[in-house]
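Structure record follows, encoded as structure tokens.
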């Protein structure tokens with residue numbers, strides 16, 4: 001050890017000064033042990049976590065009619081879910097009703113943001129061309145950008161690969177008062193990683209439990225999680241890929257690698273089914289949305305988001321006393 005470093009570890013004199021409350025520059029502070037500094041934040045922390053947080057944990061997910069809820073502990077058969085279903089709804093009616101659901105989301109999001117006690121995380125997973133981008137645009141149109149964050153997870157960077165697989169996702173979870181959106185999510189690490197054989201089987205197989213623990217941590221910390229799997233048929237994917245090829249303005253969205261990925265359709269369906277079955281929990285169940293019809297998909301997801309926010313029942317904080325009696329000077 002160099003003398004320079006040794007000076008910071010030699011003897012008790014400097015340590016005693018710090019214990020007595022001086023900083024490194026010799027400025028005196030009130031004498032108190034370091035643990036007391038943490039203890040002094042208890043009241044502030046308690047005030048920032050209102051009683052509403054306890055009720056939040058009991059909110060059940062009110063999935064709209066037409067959405068299949070993967071019951072915890074059961075196995076989902078995606079082949080048995082009709083991706084072409086439309087719930088018997090009229091297309092024009094659903095498009096008009098979507099606007100009303102947006103208005104509910106906008107009003108409730110303002111209350112959530114003002115309350116600043118809890119958060120909502122929307123997770124979207126789908127096979128290529130499943131409609132994640134379009135759904136996010138349609139459902140959250142008009143929401144105040146200050147109260148909403150969208151994270152799109154692509155191939156991890158070298159820095160992200162140097163950390164545990166959940167690191168990059170945890171860093172993007174919504175803070176209190178926010179609606180967060182995951183366009184792809186932590187489930188990529190039991191989906192594409194599995195299908196492409198990027199890690200040994202034992203590695204991705206161990207991740208289901210860690211994902212469940214991660215989501216439990218979020219819900220216990222005040223985040224409601226809505227997980228939507230946008231379910232399209234193989235024939236519908238073919239139509240959407242062909243439409244991208246035919247439209248020059250859509251070429252930017254087309255990746256020739258999508259055609260290679262399409263060859264792994266069955267493997268992806270198996271991976272999705274396993275993830276949905278093993279990671280659907282009472283607090284964060286998976287919701288399978290028939291997504292061949294975009295208008296139906298948008299409406300039922302918007303209604304589910306609005307109903308969930310309503311069930312959370314965010315409230316504006318109480319105003320300071322006397323505000324109503326104030327006058328603005330000329």
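Quick check, is residue 324 at pLDDT below 95 and not in a helix (DSSP H, G or I)? Write out each step before concluding.
On the way: at pLDDT below 95: yes; not in a helix (DSSP H, G or I): no.
Considered against the rule, which asks whether it is at pLDDT below 95 and not in a helix (DSSP H, G or I), residue 324 comes out as no.
Residue 204 meets all of the listed conditions (1) on the phi < 0 side of the Ramachandran plot; (2) surrounded by 14 or more Cβ atoms within 10 Å (Cβ to Cβ); (3) touching a residue at least 24 places away in the same chain (Cβ under 8 Å); (4) under 21 Å from the mean Cα position of the chain (by Cα) but one, namely (3). Remark: residue 300 falls outside the filter, which requires a residue to be at negative phi, assigned to a helix (DSSP H, G or I) and modelled with pLDDT under 95.
Selection of segment 272-282 for residues being within 18 Å of the chain's Cα centre (by Cα) and surrounded by fewer than 19 Cβ atoms within 10 Å (Cβ to Cβ) yields 281, 282.
In the set 88, 66, only one residue is in contact with a strand residue (DSSP E or B) (Cβ under 8 Å, 6 or more places away or on another chain), part of a loop (DSSP other than H, G, I, E, B) and either free of Cβ contacts under 8 Å to residues at least 12 places away in the same chain or under 19 Å from residue 138 (Cα atoms) (or both); that residue is 66.
Select from segment 203-223 the residues that are in a loop (DSSP other than H, G, I, E, B) and within 30 Å of residue 141 (Cβ to Cβ) and list them in ascending order. I'd like the intermediate steps shown before the answer.
Start the filter on segment 203-223 by keeping residues that are in a loop (DSSP other than H, G, I, E, B), which leaves 206, 221-222.
Selection gives 221, 222.
A single entry from 264, 233 fulfils the requirement of being more than 18 Å from the chain's Cα centre (by Cα), at pLDDT 95 or above and closer than 21 Å to residue 193 by Cα: 264. Scanning segment 234-264 for residues that are crowded, with 16+ Cβ neighbours inside 10 Å and under 30 Å from residue 72 (Cα atoms) gives 236, 237, 261, 262.
Conditions tested, residue by residue: (1) surrounded by fewer than 23 Cβ atoms within 10 Å (Cβ to Cβ); (2) out of contact with any helix residue (DSSP H, G or I) (no Cβ under 7 Å at 6 or more places or on another chain); (3) in contact (Cβ under 8 Å) with a residue 12 or more places away in the chain.
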residue: 286; (1), (2), (3): no, no, yes
residue: 297; (1), (2), (3): no, no, yes
residue: 307; (1), (2), (3): yes, yes, yes
residue: 318; (1), (2), (3): yes, yes, no
residue: 328; (1), (2), (3): yes, yes, no
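The values are calculated or read from the model by the stated rules, or taken from the named source; none is laboratory data. The structure presented is a predicted model; accordingly, all values stated were derived computationally and were not measured. No Cβ is skipped: glycine too gets one built from the backbone with ideal geometry, and neighbour counts run over all protein chains shown.
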